[in-house]
Amino acid sequence: MSWTISDLKKKNLNHNYKPESKPKVKLPKIEKISVEKETIKKILWLFHREGIIPDYVEELQFDDVRQFRFDWAIPQWKLAIEYEGIFSNKSGHTTIGGYTKDCVKYNLAQLKGWKVLRYTAKNYQQLSNDLKYFKEKVI
């Protein structure tokens, strides 16, 4: 037997019944690390272990006023390494505001004497060669 809305009204039953919702539990934010970003981390770790580069830092804040951070940095060389996650659905790098903020960040870094290497999912494999070149030609 199927019930109609009028049947429910006759029986004084609420047809808009919704079960009580459970309290929302806020789960900790789990950042998905891309293969590319993970590869960059492995290259830096390996190059440091092999003595090719000096110590490096993740999330180095290079400006106290704007609180900008580099994804990775080799402070001894004043070299920053940035991974531009422009291919994700929620990338702030692809909006005019996000792109402008990146420009401000990179310009400030240049003015403070930093060199910035930037990578995407299409060119991150070049990091190894770029670090070797930097060590040989720039340092």
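Taken together, the values in this text are just the output of simple stated rules run on the coordinates, not laboratory data. Keep in mind that this is a model prediction, so the values were computed, not measured. As a convention, Cβ positions derive from the backbone with ideal geometry for all residues, glycine included, and neighbour counts pool all protein chains shown.
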query: Mind listing the Cα extents of the stretch 46-87 along all three principal axes, in Å, largest one first?
result: 34, 29, 12
- prompt: Spin-label point model (7 Å from Cα, Cβ direction): what's the VAL116 to ILE52 distance in nm?
  reply: 2.4 nm
field: Order of TYR106, TYR119 - criterion: other Cβ atoms within 10 Å of each residue's Cβ, fewest first
entry: TYR106, TYR119
- request: Please work out how much length the chain gains when fully extended from ILE86 to VAL138, using 0.36 nm per residue of separation minus the C-alpha to C-alpha distance, in nm with one decimal.
  value: 15.9 nm
query: Given 5 Å bins starting at zero, what is the percent of C-alpha pairs of the stretch 24-138 in each, up to the one with the largest pair distance?
result: 2, 10, 19, 23, 20, 14, 7, 3, 1, 0, 0, 0
field: At most 10 other Cβ within 10 Å, DSSP loop - GluC sites (Glu not before Pro), the stretch 48-139
entry: GLU50
